[in-house]
Every structure is written in C-alpha cells, then in structure tokens.
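Asks: Please find one structure pasted underneath; my questions will follow.
The values are calculated or read from the model by the stated rules, or taken from the named source; none is laboratory data. Predicted model, so just to flag it, every value in this text is computed and none were measured. Glycine also receives a Cβ, built like all others from the backbone with ideal geometry; neighbour counts cover every protein chain displayed.
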Amino acid sequence: MTADVLVSVERTSDTVTVTTSRPAPPATDVLGRLLALLAEDAPATEVSALAAELADLADGPRRGTLTRAAADAARVRNMLDLHEQREREAQALYETARDLTSLRGTDDVLRAIVDRVRRLLGSDSAYIALVDEASGDAFMRVTSGTRTTAIRSVRQRPGYGVGGHVLATGQPMATSNYRTDPAIRRDPSVASAVGADAIVSIVGVPIRVAGAVIGVLFAADRTERTFDQAEIALLTSLAAHASVVIENARLYERLQADTDDLRRAGTRLATQRHALERAAFAHEQLMPLVLHRADVGHFARTLSRILDGTAVVLDESGRALAEARTPTSPAVADLRSSPLPPGARALPVRAGDENFGWLLFARRAALTETDERTLERSAQTAALLLLMGRQTALVEQELRAELVADLLAERAPDWAALQRRAERSGVVDFHRPHTAVVASVGEDATVSRRRVLAAAAELAARYGGIAGEHAGTAVLLLPGIEASTAATLVPDELGRALRTEVTAGTAGPATSARGIRALHRGAARCHRLLLALGRAGHGASLAELGVLGMVLEGTTPEEVHRLLERTLGPLLRYDRVHDSPLVETVERYFDTGQNPPATARELGVHVNTVYQRLDRVDAVLGGRTWREPAGALEMQIVLQLHRSVTGPVPGRPEDAAADGCG
C-alpha cells in the first residue's frame with residue numbers, strides 16, 4: 001500500500017516551486033502504535049513521546065478521549081515499570097532471605113546485601129556501619145563501591161553526620177548534598193573521608209536488634225540525588241535482613257562461646273576425674289603400707305612407682321633412711337645436692353609437733369596439682385610409718401634396756417631366767433661373741449640423757465646389738481665386733497649422731513651372759529681411765545692402755561698429772577729447753593731390756609752417745625734410782641701413762657691391740 005503524497009505548486013514571475021509532503025497520520029494509527037509499544041514493554045520514554053504526539057493530533061470532539069488514552073498509556077507504562085521494580089525488590093529480598101539460611105559467613109551475607117542495595121537503588125556505593133559497644137561509635141563493617149581506604153576506616157560518633165543522626169534518633173535520614181546540608185553536624189575527619197570518596201548524596205536507615213539500634217545501612221551517590229520514600233522503604237527492608245544476619249552471628253558466637261565453655265568444662269571434669277582416679281590409686285597403694293606396718297624402704301619404692309620419680313626419706317639429722325627411683329627418673333645424688341634441683345620437692349615428715357625428717361622427691365615431668373596433694377599425703381604416710389616404727393623401736397628398746405639393766409645389776413641375775421627372756425624376745429643371742437662398750441658425753445654437753453640412750457640404742461640395733469643404761473652411762477653390747485674396732489666406731493658414729501664428743505671404753509668379746517657381765521667391768525674401768533687421763537672424746541680398750549688399766553683403777557686426773565710431773569716432768573722440761581731426746585732414749589732403753597748397744601741400734605746412734613744420754617738422765621733426775629728395779633717399774637708405768645695422755649713418742653711403733661681386757 002502506497003501512502004498518499006501531497007503536491008503543491010507555487011508560481012512566480014521567474015520560477016515555479018513544487019513542494020511534496022506526506023500527510024499527518026490519522027490519530028487512530030498513532031493510538032495503535034502506542035498500544036503496540038505497551039504490548040512490547042517498550043521504554044517509558046517512547047511511550048511518553050507517542051502519547052504526546054497523539055494528544056497533538058487530536059481535534060474536535062475526539063480530543064478529550066485521545067488525551068485520556070495517552071495519559072492512561074503513560075500511567076500503564078509507569079505501573080508496569082513499578083511492577084518490574086517491585087519484582088526486582090522482591091527477588092532481592094528473597095535472595096537475601098535465602099542467604100540468611102545458608103552457611104555463608106556473616107561478612108559474606110552483609111556484603112551481598114550492600115551489593116543488592118547498589119543494584120536496586122542504582123547507587124554508587126553502599127555500606128554497613130555497626131556500633132562499637134565499648135565506645136558507642138559506629139565503625140565500617142562492610143562496604144561496596146567505595147574508592148578510598150579513608151571511607152572504609154571511618155568511625156562516626158553518635159549525633160554527627162547521617163549515621164550519627166540515625167544512631168541517635170533511630171529514624172532514617174537522607175540528604176541530597178552532604179557537604180551543604182545545614183541539618184547535618186559534620187565531624188571533620190568523617191567529612192574529609194566523605195570528600196575524599198567524592199560522595200555527595202547519602203541515605204541511611206537503622207539496623208535494629210530487639211528494638212535497639214546496633215548499626216546503619218547506607219546508600220550513597222557521587223552526584224546530587226533525592227532518595228524517595230520507596231527507596232528508603234526498600235533500604236529499611238534490607239536493613240531488617242541485615243539485623244537478622246548480625247543477630248544470628250551474635251547468637252552463633254554466643255553459642256560457640258557456650259560450646260567452648262562446655263568443652264573446657266568437660267575437659268576440666270575429665271582432668272579432675274583422672275586426678276581423682278590417680279589420687280584414689282595412690283590412696284589404695286599407700287594406706288596398706290600403714291596397715292601392714294611396712295618399712296620406709298617399701299614406702300619409698302611405692303611412692304617412686306606411683307609418681308614415676310625419685311624418692312628419698314631423710315631422718316631429722318639428714319641421714320638417708322630409704323631411697324628409690326624409676327629407670328627414667330633423676331639420680332638419687334641429684335636430690336642429695338644442695339640446693340635441690342629445679343622442680344624437686346622437700347616436704348617435712350611431721351606428726352603433730354614432732355618432726356621425723358624430710359621427704360625429697362623429683363621427676364622429669366612437672367608435677368600436677370594432684371601429684372602435689374599425693375606428695376603431701378605421702379609425707380603424712382611416711383610420718384605415720386616412722387612414728388609406728390619409733391613406737392615399736394621404743395618397745396623393743398625397753399626390752400633391750402631391761403635385759404641390759406638386769407644383766408648388769410649389782411646382784412647377779414638368775415642366769416637361766418635371763419637366757420629364757422633373751423631367747424623369747426629374740427633381741428639378743430648371748431651365745432654370739434659380744435663386745436661391751438661403756439660410753440658417755442662430756443659434762444658440758446647439752447644433749448639430754450634420753451637422747452643419748454636413744455642414739456645408743458639405734459646404733460646398737462644397726463649392728464644387731466642391744467643398749468641400755470648403767471651407773472649413768474650408756475652401755476652397748478655389740479655382736480661380732482672386736483673391742484679395738486668398737487673403740488673407734490662408737491665415739492665416731494655416736495658422736496656424729498649426737499653432734500658432740502663421746503668417750504668410750506671397750507672390752508671383749510665374750511660368748512655368754514656371765515662373760516658379758518664381766519666384760520662390762522673392764523669396759524667401765526677403761527672408760528674411767530680415759531677420763532682420768534684427759535682422753536675425753538676418744539675410745540680405747542684396756543688392752544690398748546696396757547698395765548695402766550690394772551694399776552690405775554680409781555685414779556683421778558689430778559693424781560695422774562702429779563705422778564707425771566714428779567717422775568717424768570724434769571726430763572720433759574729438759575728436752576723442751578735443750579731440744580734433746582732424753583725421754584725417747586729412756587723409752588728405747590727399757591724397750592730393749594735396758595741394753596745400751598741395742599738401744600743405740602734402735603736409735604741409730606753410737607753406743608757412746610747412748611751412755612752419754614743415760615748419764616745426762618741421771619744428772620737431771622738426781623741419781624740412778626730410775627734404773628734400779630723399783631724405780632725402773634715406776635718409770636715404765638709413767639712412760640706408758642705419758643703415751644696414753646699425749647700419744648706415742650715420735651718414732652715408736654704403736655702397741656698392737658689385744659683382744660681382751662683381762
């Protein structure tokens with residue numbers, strides 16, 4: 001179909017002008033095109049243009065009808081656009097709701113929300129700020145479309161800016177120009193960050209949880225823009241979704257914290273259960289030791305095994321009573337060092353106010369609180385064992401002391417009855433060789449009599465013997481030990497235990513109760529002679545004292561010194577003044593049977609020198625009486641007495657110790 005063409009001709013004197021034009025389409029054609037655009041979902045601008053064209057073509061009575069048709073077409077187009085907008089918003093809200101049920105992280109969901117804000121509102125940027133509970137300021141949590149780090153690190157105080165207004169009032173706020181809006185209180189640092197990001201228009205809505213504003217959802221443009229109520233409503237809906245995300249995150253964090261607390265509580269309960277099991281096991285292992293009166297050696301081994309370490313039990317003087325260790329634990333020597341190695345423990349072994357000693361313990365691994373309590377209970381167990389052991393020892397000591405007292409009583413005992421008691425008690429076997437020891441501490445010592453007897457009993461028991469008291473002195477009967485050995489052993493060990501000097505006279509051995517009773521008299525005599533000779537703090541037997549043990553019975557220290565002064569004093573003074581060996585020469589003279597040539601050989605000098613020295617002795621002593629039988633005996637006794645008091649003369653071999661005291 002060919003459209004009609006209108007031709008017009010204009011004549012002048014010189015020319016003819018021909019003009020052609022297409023006639024305006026009828027109004028019905030434009031209306032049809034308008035309906036077609038609506039059906040094709042054309043943009044609103046095309047619909048508006050055709051509607052205007054239709055209004056221009058209308059004339060006459062049809063003009064009003066066509067004008068209304070054009071307006072209705074524009075309204076239909078706007079309704080279709082609004083419907084599409086609502087569909088987009090509904091889809092965005094649906095996607096956001098779906099995000100809420102997903103397993104995505106909190107920041108991922110919040111970032112998806114701000115991305116949708118930008119897409120739905122067509123804004124340049126969007127972001128969420130949350131309230132810092134400590135300071136009350138709002139800080140940026142997530143952003144989208146921002147250009148600078150300054151805007152992403154903004155902290156907004158309540159009452160300042162758009163966000164501060166929303167936080168303070170709980171109401172949405174929008175501004176078409178943030179920089180010039182007089183209704184906004186601007187924080188210089190925030191305004192600077194907004195300017196650096198070129199933001200002009202901003203809208204913010206509150207994010208609420210349980211009625212409280214906890215943050216703000218923003219949309220912003222870099223040009224002036226007026227945000228309408230529909231956009232603010234959409235933003236508010238998305239803020240509600242953001243609040244759900246944030247609240248869920250908080251609930252999840254709280255649930256996680258509660259779960260962690262429960263897990264830690266479960267771990268503590270498991271640890272406590274394990275500790276209780278270990279404590280119960282330790283109790284089961286330690287208590288039978290007390291019930292069965294085990295020794296401290298068994299106790300140390302049990303404790304070492306329970307705690308996998310090294311255990312040492314010391315008495316109050318520091319002497320080791322028991323030691324035990326496992327293959328992987330520290331050496332015993334490490335615990336005996338001072339100071340103790342790191343991690344080692346030293347616990348007092350105490351019962352009431354009485355201290356029995358110390359319990360030392362160490363192991364490679366650190367001790368737990370339960371292990372510490374087990375150690376404390378172990379120290380109490382050790383105290384009970386030592387206390388019961390002491391009580392048992394006291395009973396046995398009383399039995400031994402009674403036997404010693406009856407054996408040494410002024411009146412001889414019933415030997416058969418005494419023998420039966422000894423056999424029944426099992427504390428002593430009189431058929432074994434025994435050495436008798438009489439011991440005492442110095443008069444100025446602060447050691448109590450009870451402690452001396454206790455230490456003597458402990459020493460005697462250590463060697464399988466018994467001890468008691470007689471005439472104010474301690475008496476020890478030691479089996480299988482020679483008198484000379486006991487003379488060294490008792491002063492040394494007893495003195496160390498009492499921390500004072502001990503004097504001991506010994507005699508023995510003997511293999512019957514009667515013989516041991518007789519030995520005691522010799523040991524007591526030896527003890528008295530040692531004190532008389534000024535040898536306190538030493539030990540000796542009568543055999544070691546020689547003839548002095550027989551002739552000086554009952555002698556006092558003063559009498560001994562007077563005898564020495566009268567008989568040997570002049571020679572001793574002469575030797576000191578002239579540095580001469582007259583006393584030594586006299587000793588060798590008697591040792592060789594008063595034979596000058598033999599004396600010279602002993603001294604390694606010429607015989608004439610010996611004769612000269614003997615003559616000098618005569619001169620010093622005022623005569624030759626000392627060489628004659630009566631004087632010679634006295635001189636030899638005095639020489640032996642001098643050796644007993646001062647020790648042997650230099651160069652003279654010591655007398656061999658005899659077995660008995662005679």
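Asks: Kindly evaluate residue 324 against the criterion of being of a type in the set (A, V, I, L, M, F, W, C), assigned to a strand (DSSP E or B) and surrounded by 17 or more Cβ atoms within 10 Å (Cβ to Cβ).
Replies: Values: of a type in the set (A, V, I, L, M, F, W, C): yes; assigned to a strand (DSSP E or B): yes; surrounded by 17 or more Cβ atoms within 10 Å (Cβ to Cβ): yes.
Yes: the conditions hold for residue 324.
Asks: When you scan segment 130-140, how many residues do you find that are buried (at least 19 other Cβ atoms within 10 Å of the Cβ) and in contact with an Asp or Glu (Cβ under 9 Å, 6 or more places away or on another chain)?
Replies: Summing the residues that are buried (at least 19 other Cβ atoms within 10 Å of the Cβ) and in contact with an Asp or Glu (Cβ under 9 Å, 6 or more places away or on another chain) in segment 130-140 gives 2.
Asks: Does residue 465 satisfy being surrounded by 16 or more Cβ atoms within 10 Å (Cβ to Cβ) and either closer than 20 Å to residue 540 by Cα or within 45 Å of the chain's Cα centre (by Cα) (or both)? Full working, then the answer.
Replies: Details: surrounded by 16 or more Cβ atoms within 10 Å (Cβ to Cβ): yes; either closer than 20 Å to residue 540 by Cα or within 45 Å of the chain's Cα centre (by Cα) (or both): yes.
Here the answer is yes, as residue 465 does meet what is asked.
Asks: A further question on this structure: What tally of residues in segment 210-227 results from selecting those that are at pLDDT 90 or above and surrounded by fewer than 19 Cβ atoms within 10 Å (Cβ to Cβ)?
Replies: Qualifying residue count, segment 210-227: 4.
Asks: Filter segment 343-367 down to the residues that are out of contact with any strand residue (DSSP E or B) (no Cβ under 9 Å at 6 or more places or on another chain) and modelled with pLDDT under 85, then identify the one that is surrounded by the most Cβ atoms within 10 Å (Cβ to Cβ).
Replies: Keep residues of segment 343-367 that are out of contact with any strand residue (DSSP E or B) (no Cβ under 9 Å at 6 or more places or on another chain), which gives 351-354, 364-366.
Then keep just the ones that are modelled with pLDDT under 85; that gives 351-354.
On the way: 351: 15, 352: 7, 353: 5, 354: 12.
Checked segment 343-367; the qualifying residue surrounded by the most Cβ atoms within 10 Å (Cβ to Cβ) is 351.
Asks: When you scan segment 228-240, how many residues do you find that are surrounded by 20 or more Cβ atoms within 10 Å (Cβ to Cβ) and under 24 Å from residue 157 (Cα atoms)? Before you say what the answer is, go through the steps one by one.
Replies: Step one: of segment 228-240, the residues surrounded by 20 or more Cβ atoms within 10 Å (Cβ to Cβ) are 231, 234-235, 238-239.
Next, from what is left, pick out any that are under 24 Å from residue 157 (Cα atoms): 235, 238-239.
Going through segment 228-240 one residue at a time, the tally reaches 3.
Asks: Could you tell me how many of the residues in segment 382-420 are more than 56 Å from the chain's Cα centre (by Cα) and either among the basic types (Lys, Arg) or surrounded by 13 or more Cβ atoms within 10 Å (Cβ to Cβ) (or both)? Walk me through it before giving the result.
Replies: From segment 382-420, those more than 56 Å from the chain's Cα centre (by Cα) are 406-420; that's our starting set.
With either among the basic types (Lys, Arg) or surrounded by 13 or more Cβ atoms within 10 Å (Cβ to Cβ) (or both) added as a condition, the list becomes 406-408, 411-413, 415, 418-420.
Result for segment 382-420: 10.
Asks: Looking for whichever is closer than 26 Å to residue 442 by Cβ, at pLDDT 75 or above and crowded, with 22+ Cβ neighbours inside 10 Å here; the options are 540, 536. Which one fits? Steps first, please.
Replies: Details: 536 fails: crowded, with 22+ Cβ neighbours inside 10 Å.
Only one candidate passes the filter, namely 540.
Asks: Okay, moving on. Would a scan of segment 354-362 turn up a residue that is in a strand (DSSP E or B), at positive phi, outside the structural domain of residue 450 (by TED's automatic domain parsing) and in contact (Cβ under 8 Å) with a residue 40 or more places away in the chain? Talk me through it step by step, then tell me what you get.
Replies: Applying the first criterion (in a strand (DSSP E or B)) to segment 354-362 yields 354-362.
Among the residues that remain, those that are also at positive phi are: 357.
Among the residues that remain, those that are also outside the structural domain of residue 450 (by TED's automatic domain parsing) are: 357.
Then keep just the ones that are in contact (Cβ under 8 Å) with a residue 40 or more places away in the chain; that gives 357.
Yes: segment 354-362 contains one or more residues that are in a strand (DSSP E or B), at positive phi, outside the structural domain of residue 450 (by TED's automatic domain parsing) and in contact (Cβ under 8 Å) with a residue 40 or more places away in the chain.
Asks: For the condition free of Cβ contacts under 8 Å to residues at least 40 places away in the same chain and of a type in the set (A, V, I, L, M), what is the one hit in 311, 405, 346, 412?
Replies: Details: 311 fails: free of Cβ contacts under 8 Å to residues at least 40 places away in the same chain; 405 fails: free of Cβ contacts under 8 Å to residues at least 40 places away in the same chain; 412 fails: free of Cβ contacts under 8 Å to residues at least 40 places away in the same chain.
Only one candidate passes the filter, namely 346.
Asks: Further, regarding this structure: Which of (1) in a strand (DSSP E or B); (2) more than 16 Å from residue 449 (Cα to Cα) does residue 514 not meet, given it meets every other one?
Replies: (1)
Asks: Also, quick follow-up: Determine which single condition residue 365 fails, assuming it passes every other condition in (1) within 19 Å of residue 295 (Cβ to Cβ); (2) touching a residue at least 40 places away in the same chain (Cβ under 8 Å); (3) outside any strand (DSSP E or B).
Replies: Failing condition for residue 365: (1).
Asks: Only residues in segment 170-188 that are farther than 21 Å from residue 213 by Cα and in the same structural domain as residue 226 (by TED's automatic domain parsing) count as the first member; pair them with residues that are in a loop (DSSP other than H, G, I, E, B) and of a type in the set (S, T, N, Q), Cβ under 6 angstrom, at least 6 apart or cross-chain, and list the lot.
Replies: Going by the 6 Å Cβ cut-off, the qualifying pairs are 176/226.
Asks: State whether one or more residues within segment 195-209 are surrounded by fewer than 20 Cβ atoms within 10 Å (Cβ to Cβ), aliphatic (A, V, I, L, M), assigned to a helix (DSSP H, G or I) and in contact with a Ser or Thr (Cβ under 6 Å, 6 or more places away or on another chain).
Replies: Yes, that holds for at least one residue.
Asks: Within segment 234-241, does at least one residue satisfy the condition of being outside any loop (DSSP other than H, G, I, E, B), within 30 Å of residue 161 (Cβ to Cβ) and either touching a Phe, Trp or Tyr at 6+ places or on another chain (Cβ under 9 Å) or not assigned by TED's automatic domain parsing to the domain that holds residue 173 (or both)?
Replies: The answer is yes, given that some residue of segment 234-241 is outside any loop (DSSP other than H, G, I, E, B), within 30 Å of residue 161 (Cβ to Cβ) and either touching a Phe, Trp or Tyr at 6+ places or on another chain (Cβ under 9 Å) or not assigned by TED's automatic domain parsing to the domain that holds residue 173 (or both).
Asks: Could you check segment 178-188 and list, in sequence order, the residues that are surrounded by fewer than 15 Cβ atoms within 10 Å (Cβ to Cβ) and either touching a Cys at 6+ places or on another chain (Cβ under 8 Å) or of a type outside the set (A, V, I, L, M) (or both)? Reasoning before the result, please.
Replies: In the first step, residues of segment 178-188 are kept if they are surrounded by fewer than 15 Cβ atoms within 10 Å (Cβ to Cβ); the result is 179-180, 182-183, 185, 188.
Result: 179, 180, 182, 185, 188.
Asks: In the list 450, 432, which residue meets the criterion of being among the charged types (D, E, K, R) and either surrounded by 23 or more Cβ atoms within 10 Å (Cβ to Cβ) or not in a helix (DSSP H, G or I) (or both)?
Replies: Numbers: 450 fails: either surrounded by 23 or more Cβ atoms within 10 Å (Cβ to Cβ) or not in a helix (DSSP H, G or I) (or both).
On inspection, the qualifying residue turns out to be 432.
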